[in-house]
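For reference, the structure is listed below as structure tokens.
Nothing in this text is a laboratory measurement; each read-out follows from the coordinates by a stated rule. If you're wondering where the values come from, they're calculated on a predicted model, not measured in any experiment. Counting neighbours? That spans all protein chains shown, and the Cβs are built from the backbone with ideal geometry, glycine included.
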Amino acid sequence: MARYGFNGKKLETKFLILFILYDINGEVTFEELNSLALLDDNADYFIFSECLVEMVESGHLIERDNHYRITQKGADQSQDVYRGLPISLRDAVTEYKKPIIERVKRDNCIKATVERKLNGYYVNLFFNDSQYSMMKLELYAATEDLAQKIAADYRKHAEKMYTEIIKTITMEK
């Protein structure tokens, strides 16, 4: 396996984590981050896991529900460490993280929340692009299970649902 001139030691692994997260404007799962860091055996799983804990403790990363995001401190420092990684490794990681960047962009545009009210639940659905709020929709659900199902289905199919709503509203009679 190609190791891109990277020896996988702790400091280099931290540089790699900062590089991975720098241009991802959102949260990345442990599994996604792990797959990129361990790309072609460039880092050791145990060192990688240890680095994540230390970087959260040092304020370079934020961890929430097994999802990671770079902080401003981490972003500032990533500028300094960028050149510390071999070009071949940076190029490989950049190519492999493109689908993750696309998923994060989509997740940032689509939100679905569930709120408990007196007689049931409200599901709030949001669809935004980079500049505008395209849709805000509030739906009532009698049970929490139904509310969670609506929210989950919306997250999976938001673009299609938005398109169908627009088609239905603008239909000629």
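Structure notes:
- Ranked by how many other Cβ atoms sit within 10 Å of their own Cβ, fewest first, the residues MET55, MET171, MET135 fall in the order MET171, MET135, MET55.
- One decimal place: the segment ASP65-TYR132 gains 21.3 nm when fully extended, by the rule 0.36 nm per residue minus the C-alpha distance.
- Paramagnetic reach from ASN25 (point 7 Å along Cα→Cβ, amide N under 13 Å) across region 62-101: 101
- Within-15-Å neighbourhood charge of MET161 [Cβ basis; K, R +1; D, E -1]: +4
- Highest mean packing comes first when the peptides 61-68, 115-122 are listed by Cβ atoms within 10 Å, giving 61-68, 115-122.
- Phi-derived couplings, Karplus 6.51 cos²θ - 1.76 cosθ + 1.60 at θ = phi - 60°, listed residue by residue for region 129-138: 9, 5, 10, 10, 7, 7, 7, 10, 9, 10 Hz, with x used for Gly and Pro.
- Rg to Rh, two decimals, where region 56-146 supplies the alpha carbon set and Rh follows Kirkwood: 1.14
- Cut-off under 5 Å, modelled amide H: who pairs with MET134 long-range: PHE127, ASN128, ASP129
- Between helix 10-22 and the chain there is an angle of about 30 degrees, using the helix long axis and the longest principal axis of the Cα atoms.
- Taking every alpha-carbon pair under 8 Å whose residues sit at least 6 apart, region 36-108 reaches a relative contact order of 22 percent.
- Lysines whose Cα lies under 19 Å from that of LYS97, excluding same-chain neighbours fewer than 8 positions away: LYS14, LYS105
- Alpha carbon convex hull of the chain, projected area averaged over orientations, nm²: 13.6 nm²
- Charge tally around TYR82: other residues with Cβ under 12 Å, Lys/Arg +1 each, Asp/Glu -1 each, net -1.
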